[in-house]
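Before any comments, here is the structure.
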Amino acid sequence: MPSERIEKLDTARIALIMSVALEEFARHRYQDASFNRIIKASQMAKGTMYYYFTSKEDLFTTLYKATIREFNRLLPLTRQLPRQKQHYWQTTQELIEGLEQTLQQKPGISQFVLNFLVGGEQQDEHPARATALAVDGWLQQWIAQGQQLGVLRNDLPPARLTAIVWGLWQAIHPLRTPANGSGDQSSVLLDLLQRLLRPDSVASQRPAATLDAGEGRIDLNF
C-alpha cells in the first residue's frame, strides 16, 4: 500500500517523482522498470525515496491509482450494456471519444495505461492485474452483447475479438504523437473497429452465445 508519508512531500517534489515514474513505467513496463533509475532521475537520495516509497510496487501503485481516477467519468457508460442495435455503436462511440479526450488531456498516461491493459501484464504479481482482468472481462461482455444484437460478427468468440480490439488500440497508439498531429483518434479507431467487427462481409455466421441480463456481469470500479 502507498505510504501516508508521501503527504508530507511538497507538491513540486511529488509531481517530479510521479512524472519520472510515469515515463519509466511507460517506457519499460513494470517488470523491466528500474526503481533505481527513478530515484536517480528524481534527484533524491536513495534512503529518502525509500522513506516515502518502500518499493517499486509501492510507487507503481501510487501512480496507478492516481492515473486510473482520470477515467472515472467513463464508468457510467460501461455499466449498462446496449439493448438495441441502434444504440450499440452510438454508445461505443461515446466511450471511445471519452477515452480519447482523457488521453489527450493527459498524453503522458497513454502508454502507461496501454502497458498494463495489454501486452502480457496480467501476471499474478502485477499490481494492476485485477484492473486489467476486469477491463478485459468487461470488453468481452460488451462484444458478446454486440454479437447477440447482430451488430458484430459472430464467426469468432468474444475472447478472440477482444484480442483484436486490444491489438488495434496498440496499432494506432503511435498516431498519438506530435509528429503525427496528436489529434483525436476516436474517429479513426471507430472506423477501423466497424470495418473489422461488423458482420457485413462475414460469409459464415453462427448463433452468438447467450448472455443473460445480469448474469456474470462485470462492473468496472476504479
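The values are calculated or read from the model by the stated rules, or taken from the named source; none is laboratory data. The model shown is predicted, which means the values in this text are computed figures rather than measured ones. In this analysis, Cβ positions are derived from the backbone assuming ideal geometry, glycine residues included, and neighbour counts consider all displayed protein chains. SASA here: full protein model, heavy atoms, side chains in, ligands and nucleic acids out. Shrake-Rupley method; radii C 1.70, N 1.55, O 1.52, S 1.80 Å.
What to note about this one:
- Whole-percent P(r), segment 1-139, all Cα pairs, 5 Å bins from 0: 2, 9, 18, 20, 17, 14, 9, 5, 3, 2, 1, 0.
- Convex hull of Cα atoms in segment 63-127, direction-averaged projection (nm²): 5.4
- Spin-label pair LEU16/ARG129, simplified geometry with 7 Å Cα→Cβ offset, distance in nm: 3.5
- Segment 4-158, accessible surface, carbon-and-sulfur percent (1.4 angstrom probe): 49
- Once the Cα gyration tensor of segment 33-78 is diagonalised, semi-axes √(5λ) in Å: 29, 9, 8
- Computed with every protein chain present, the accessible area of ILE14 is close to 40 Å² [probe 1.4 Å].
- Qualifying lysines (Cα of each under 21 Å from Cα of LYS56; at least 8 residues distant if same chain): LYS8, LYS40, LYS46, LYS65
- Solvent exposure of segment 1-157 as accessible area per residue, Å², 1.4 Å probe: 49
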